[in-house]
1. Would it be correct to say that A146 is surrounded by fewer than 20 Cβ atoms within 10 Å (Cβ to Cβ) and over 23 Å from V84 (Cβ atoms)?
2. Within segment 65-74, track down each residue that is touching a strand residue (DSSP E or B) at 6+ places or on another chain (Cβ under 6 Å) and either of a type in the set (A, V, I, L, M, F, W, C) or at positive phi (or both).
3. Look at segment 187-201 and say how many of its residues are in contact (Cβ under 8 Å) with a residue 12 or more places away in the chain and either closer than 14 Å to V141 by Cβ or among the acidic types (D, E) (or both).
4. Search segment 10-49 for residues being surrounded by fewer than 17 Cβ atoms within 10 Å (Cβ to Cβ) and aliphatic (A, V, I, L, M), and hand back the single one that is modelled with the highest pLDDT.
5. Please enumerate the residues belonging to segment 10-32 that are outside any strand (DSSP E or B), within 21 Å of L117 (Cβ to Cβ) and small (G, A, S).
6. Considering only residues of segment 198-246 that are touching a helix residue (DSSP H, G or I) at 6+ places or on another chain (Cβ under 8 Å), of a type in the set (A, V, I, L, M) and part of a loop (DSSP other than H, G, I, E, B), which is modelled with the lowest pLDDT?
7. Of all the residues that make up segment 33-54, how many are at negative phi, touching a helix residue (DSSP H, G or I) at 6+ places or on another chain (Cβ under 8 Å) and in a loop (DSSP other than H, G, I, E, B)?
8. Residues G177, G170: which one is touching a residue at least 40 places away in the same chain (Cβ under 8 Å) and either of a type in the set (A, V, I, L, M, F, W, C) or in a helix (DSSP H, G or I) (or both)?
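The values are calculated or read from the model by the stated rules, or taken from the named source; none is laboratory data. The structure displayed is predicted, hence computed values, not measured ones. When we count neighbours, we look across all protein chains shown, and the Cβ atoms used for this are built from the backbone with ideal geometry, even at glycine.
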Amino acid sequence: MNPLLVPIVAVQGMWMRSTIEMASPAAGPTSGTVGDPSRSPVRIAVVGESTAAGCGVDTHNDGFAGCLARELAQRIRRPVTWEVVGQHGATARRIRYRFLPQLEENLDGQRLDLAVLLAGGNDVLSRRTPDEWGADLAAIVDDLAARAGRVAVAGTPPFAAFPALPATLGRYLAERGSALDAVSQQICAQRPQAIWISSTAGVPPPDSFAPDRFHPSAAGYRRWAQDVAPHIAHLVAQDGRRPRDA
């Protein structure tokens, strides 16, 4: 970004922090099952920041986890059991040291078929460097890979498309997000169980945003899950046909 625009970004950042009232996390159960319970389910976990916590919708059924579970169940024709470990404002550092131990307790020794990481937005907002992000992300992916057959890492949010953000600030945050995404792609490419999936394909329609104009709405989470599902459904289905370790 042009250095002359940095003061504008700073002023717009202060304005954003003082004026935007962020949506609350989703209420209700943080786990559930979609599909016929008589069949052996695929197990997924969604871990991360405010989007994992369902900010912008009332319940996790309308959040990313519930939406992704329905998309996968429809595509692979198996029930999907989902759970969420997330928090508004969480950086990769907090996910690494606080949420992964919590996920381990929730799993109680059971193995996941898929772990999905929704992170990076707060690392961008808190100005963490690509190196700091990469160190934490590599540790998170390795930890999740020890618990799950597949690990999906979602790209940073499409800040430039957020209605709540002034244009200059949105572009600046999007550029910082791109730098973190480049590191994420490299880390996932080095790990056969991991896949990186962009979160910035296309411009989200206006109804994709919650009233805070920053977090997804129910329609936004549904579209996001529909974008992600094709990248991972065939991998989950393929793994499900293999015999599991005893």
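1. For A146, the condition - surrounded by fewer than 20 Cβ atoms within 10 Å (Cβ to Cβ) and over 23 Å from V84 (Cβ atoms) - is not met.
2. Of all residues in segment 65-74, those touching a strand residue (DSSP E or B) at 6+ places or on another chain (Cβ under 6 Å) come to 65, 69-70, 72-73.
Answer for segment 65-74, where residues must be touching a strand residue (DSSP E or B) at 6+ places or on another chain (Cβ under 6 Å) and either of a type in the set (A, V, I, L, M, F, W, C) or at positive phi (or both): A65, A69, L72, A73.
3. 8
4. First pass over segment 10-49, keeping only residues surrounded by fewer than 17 Cβ atoms within 10 Å (Cβ to Cβ): 10-11, 14-15, 17-22, 27-29, 31, 33, 36-40.
The next check asks that each one be aliphatic (A, V, I, L, M); those that pass are 10-11, 14, 20, 22, 27.
Details: A10: 73, V11: 70, M14: 69, I20: 78, M22: 85, A27: 95.
Across segment 10-49, the extreme among qualifying residues is A27.
5. A23, A26
6. Selected residue: A201.
7. Qualifying residue count, segment 33-54: 4.
8. It is G177.
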